[in-house]
Amino acid sequence: MYKIKILNIIIFLIGFSAFSQVNFTTKLSKDRLGLNERVKIEFTVDKDGDNFIPPKFDNFRVVGGPSQSIRNSWINGKKSYSKTYSYFLSPIEKGSFEIGQASIEVDDEIYKTLPVRVTVTSAVDIPADPNDPNYLADKNIHLVAEVSNKNPFLNEAISVSYKLYVSPDTGVNNWRELEAPRYADFWSNNIDIKSLNVQNGTFKGKPYRYVVLRRTLLYPQKTGELKIEPLTLDISVQAPSNRRDFFGNLISSSVNKTVSSGSSIIDVKSLPIDNKPKDFSGAVGSFSFEIKSDKKELLTDEAFQLSLIVSGDGNFNLFEDPKISLPNSLEVYEPEKISNISLRARGIKGNINNKYTVVPINPGKYTIPETKFSFFNPVSAEYKTIYSDPIFIDVDGAYNSSSGYSDISEKNRTNKIQLLENQFSSFKTKTKFLNVNDSIFFNSNYYWILFIIPFVICFIIIISSKILRNYKSKKVDELKVARILTNKLLVDSKALIGNKEKFYESIDKALTTYLKTKLNLKNSEFKNEIINIKLQEMNLDKESIGLLFEILENCQLARYTPLNIDAMSDDYRKANQFIEQFEKH
């Protein structure tokens, strides 16, 4: 009997141990996939835990997640619990790769999953299934890089426009940039796109809607074949299917899709050697050139300004400014360079003005000689040299003998020094002594001035401190009011989820109110580029800045694209996340 009791206790302890064991596992949707496919990975734990740390997904790009789900169920009177962390991964290259261990803390103990291995093969053909959202996304979404000129001259302007084409029956919720294009061997500058306007067009002969996401101006700096690396996006797509619901409406499926613009090859021609001017300094485009003077008549030692102005279309930042040659009797200072240029898809347009300050030392009539400027015109494929008109300057006044030192012969410059008897008569050679008792400092005007000054300074400091405290207090109150108003608008936005237009209008108003107050912006200054600069000056991390512009972009696109409740909930979460991160920073 005693032995049976001990055996029952042992069995009970073993069962209790097994019951209390934590199971933390990894599950793959597939362990073999093509380079153009995705894999879903799930980390599941059967007890509530904290501090989940995913593995490093080397050789993969996270295109979805992390998302978290909790499941509670009762089976035969027993409760079961599981928490799952899910990610969607896109492979970067072919090969066999290991996904490492994830970890989680449960009851002050650290648990880890076992590593799993995934094999990535070449891209596979997606079967033509009209009900498969992946197939429909491939068929209806296209990212294209349109190059204005694939055979330019060296330093000739070209532009690259990245257009996202979407078929009329397909919706796009949002997108994020996975890889930015790289422009090796190009001078590049992004052209500001103020708003994303949806337009109608055609792609391969079929009607599509499209939006220009990015436009970049390029000036090739090398000849030969140059490669433009692609732009890669992760897009959330609402793809229709042939299936219908109970009421006969088409059913749409949400799927994430990675699209790439593909690389482009530019064949750059070298500039011709024949008839190349000696003063050519690399200017390519169509230019005009002139020299202006703000004065034609003046006195000696009076300054005037010469402006050397180059205007037109071309590579203003990539050539040397023209130089001017002036007589030695004109003293010339380093020029002030004033640029007035703008970026366009066809190139840089405007003018640069090198403003020289010139001071004539001696009177006379001076000629500012004609000055030439040479450039290469890629349209006519020839060099051109243009000249400025000569300018005549009339200087009046007395001759400055000190400046003519170099014009006087050595014989005339060496004069014998003669001392006269009364040569130093103008200097005082006798000292007059005063009795210090003749002037008493105490009770004098200076004494009382010095006595009163410290009290005046103290009074000024007290008044200034009070004004500064009032200003800070007012600023703090403004910030509190803005935060309260922002929170109210966000709460209102949450109640509007499902009403697309009112929801995004409320989110946009909340972020606008918050940013204007926090960044001290006027209405005219509320622009993406100014907001970006101010946030970078505050050292806010790039992830938070990107999160903000992603939300603002979604607010602009909401009127053009169909959105579901999940997308609105996600944008609401992102808006709160940005404000929390900004407040912590």
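Read-outs throughout are calculated quantities, based only on the coordinates presented, and are distinct from any laboratory measurement. Everything numeric in this text was worked out from a predicted model, so none of it was measured. Neighbour counts run over all protein chains shown; Cβ positions are idealised from the backbone, glycine included.
Placing unit charges on the Cβ atoms only, positive for Lys and Arg and negative for Asp and Glu, gives the stretch 133-268 a dipole magnitude near 380 debye about its Cα centre. Listed peptides 571-582, 335-346, 318-329 appear in the order 571-582, 318-329, 335-346 once ranked by packing, highest mean of other Cβ atoms within 10 Å at the front.
Quick check: net charge around residue 59, other residues with Cβ under 11 Å of its Cβ, Lys/Arg +1 and Asp/Glu -1?
Details: positive: 56, 61, 94; negative: 58, 93, 98.
Summing Lys and Arg as +1 and Asp and Glu as -1 gives 0.
What does the charge add up to near residue 310, with Lys and Arg as +1, Asp and Glu as -1, over the other residues with Cβ less than 10 Å from its Cβ? Around residue 310, the charge tally is -2. Karplus-based coupling profile of the stretch 447-458, in residue order and whole Hz: 4, 6, 5, 5, 5, 7, 3, x, 5, 5, 4, 4, with θ = phi - 60° in 6.51 cos²θ - 1.76 cosθ + 1.60 and x standing for Gly or Pro. Each label point was placed 7 Å from the Cα along the Cα-to-Cβ direction; for residue 202 and residue 36 their separation is 2.5 nm. The simple Förster model, with R0 at 56 Å and r as the Cβ-Cβ distance, assigns residue 539 and residue 96 a FRET efficiency of 0.85.
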